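Data first, discussion second: the structure below is written as structure tokens.
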Amino acid sequence: MASSNGNGRTPLIRAEGIWKIFGRNANKVIGTPDVDLSRAELREKTGCVAAVRDVSFDVYPGEVFVVMGLSGSGKSTLVRTLIRLIEPTAGRVEIDGRDVTAASRDQLLQMRRHTSSMVFQHFGLLAHRTVLDNVAFGLEVQGVAKSERHARAQEVLRLVGLEDAAGQFPDELSGGMQQRVGLARAFAVDPKVMLDAEPFSALDPLIRRDMQDEVIRLQHETGKTMVFITHDLPEALRLGDQIAIMRDGRVVQLGTPEELVGSPADDYVANFVRDIPRSHVLTLRWIMRDAKPGEEDGPKLDVATTVKRAVPLISDSERPVCAVDGGKIVGVVDKQAVLAAIAGEGD
């Protein structure tokens, strides 16, 4: 079983030391100095390509964990190793306390059917089946009776606002509606984990934003744990509780949106986030200081309020604004802190 963290929570997913090296004799590369070579040097010397290099992370129940990186960074390969759609070269994966890497073929099949669902960029809908039957397909594979799976599919279609499209066929729907069907199909089997492999990359920007809103709403309503792949930083910041930024197979920074924007680990991450308005991401928790005597009677705002939303109250107040967490004042924010937080925006 996965061990708990310091807060007493147990990860739903635990990945430890994941490697994926493509090529002959890939196993012989790990543990040698060759692992530190660049991709080009490793390919030249060994004929192998290191797609994922020694990646570890935990994902907790109800969390949206985003894996972000440019094309070729290893993000899609990493996520596919979690349910062994791609076999990891080394490392260990646990999902819901079960060792995925040690699972037999039958055990793995059961995990994929009952524990996880995957949503791809290409919707993969069955053209000859109605929307209702597409959504119910995973339940059909599980052997669920027709009346029961159709009832569940109707319920999920209502959740995504497509109950009126149940009798239509995929080619009668827009791209955005087709992607909603893909989401509904993934939700229908009530998985422990949803794996989203750049599901909105093929959509135009307006529909893409609508679908991001949809994922946020569905995740809040259902509490599902999600692992979401994207190459788009604004999308990662909107969706992610934790974000892992990958480069050349490695995770270069793992943290909250605030940590990435407020304290980038290196120049690579700093270059990624430089065009992101800090005030849209940083919250009072990031910029607050300890209250001095007599400062705890100012206006109050939740500590998770973004700087952007807090600015009107802070600018109008003669006193520092109190940051409140669970009814308790945990710090104060003054005008100087806001100015420091947004310094550099637009550079």
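Within segment 251-269, residues that are within 26 Å of residue 20 (Cβ to Cβ) have Cβ atoms under 9 Å from residues that are among the aromatic types (Phe, Trp, Tyr) and outside any helix (DSSP H, G or I) in these pairs: 251/57; 254/57, counting only partners at least 6 apart in sequence or on another chain.
On the basis of being among the aromatic types (Phe, Trp, Tyr) and under 20 Å from residue 217 (Cα atoms), does residue 137 make the cut? The answer is no for residue 137.
Scanning segment 319-345 for residues that are among the charged types (D, E, K, R), open to solvent by 40 Å² or more (accessible area, probe 1.4 Å) and at pLDDT 85 or above turns up 319, 325, 328, 335. Just to be sure before I move on: is residue 179 in a loop (DSSP other than H, G, I, E, B) and either over 16 Å from the mean Cα position of the chain (by Cα) or of a type in the set (Lys, Arg) (or both) in the structure I sent? No.
Filtered by the rule that a residue be at pLDDT 85 or above and either over 26 Å from residue 80 (Cβ atoms) or small (Gly, Ala, Ser) (or both), segment 114-137 gives 127, 128, 130, 131, 132, 133, 136.
The residues of segment 253-292 that are of a type in the set (Gly, Ala, Ser) and over 21 Å from residue 60 (Cβ atoms), listed by number, are 262, 263, 265, 270, 279, 291. In segment 183-289, counting only strands (runs of 3 or more DSSP E) that sit wholly within it, the ones holding 3 or more residues that are open to solvent by less than 10 Å² (accessible area, probe 1.4 Å) span 193-197, 225-230, 242-247. Among the residues of segment 145-152, are any within 26 Å of residue 59 (Cα to Cα), of a type in the set (S, T, N, Q) and open to solvent by 30 Å² or more (accessible area, probe 1.4 Å)? There is no residue in segment 145-152 that is within 26 Å of residue 59 (Cα to Cα), of a type in the set (S, T, N, Q) and open to solvent by 30 Å² or more (accessible area, probe 1.4 Å).
The values are calculated or read from the model by the stated rules, or taken from the named source; none is laboratory data. Computed from a prediction, not measured in an experiment: that's the story for all the values here. Every residue, glycine among them, receives a Cβ derived from its backbone with ideal geometry; neighbour counts consider all protein chains shown. Side chains are part of the model used for accessible areas, which takes the heavy atoms of the whole protein and leaves out ligands, DNA and RNA. Shrake-Rupley method; radii C 1.70, N 1.55, O 1.52, S 1.80 Å.
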